[in-house]
1. Can you tell me how many residues within segment 26-69 are in a helix (DSSP H, G or I) and charged (D, E, K, R)?
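The values are calculated or read from the model by the stated rules, or taken from the named source; none is laboratory data. Just so you know, these numbers come straight off a predicted model, no measurement behind them. Ideal geometry is used to build each Cβ from the backbone, glycine not excepted, and the neighbour counts take in all protein chains shown.
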Amino acid sequence: MSAILIDSYRCNGCATCTAMCPDIFVLNPLTEKAELIDSDQEVTNTLREAAAYCPEKCIIIVEDDHTDH
């Protein structure tokens, strides 16, 4: 399973991710930074697009390349 991380230091609160994936991301009203609604999200093509369009590149998708031998 892949993991989704947000570098909150780099996030500028532009809300691109929340506009593209409102079921995955939300802006924290106190910090005005993006957060995951649920840390156990499936990595979809739309989520990958949101990460690509993020102007600060603060959405990081860590691929699980674990293979069974």
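1. 2
Table: residues versus (1) surrounded by 14 or more Cβ atoms within 10 Å (Cβ to Cβ); (2) modelled with pLDDT under 95; (3) of a type outside the set (Ser, Thr, Tyr); (4) out of contact with any strand residue (DSSP E or B) (no Cβ under 8 Å at 6 or more places or on another chain).
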residue: Ile6; (1), (2), (3), (4): yes, no, yes, no
residue: Cys17; (1), (2), (3), (4): yes, no, yes, no
residue: Thr31; (1), (2), (3), (4): no, no, no, yes
residue: Asp38; (1), (2), (3), (4): no, yes, yes, yes
residue: Thr44; (1), (2), (3), (4): no, yes, no, yes
residue: Ile59; (1), (2), (3), (4): yes, no, yes, no
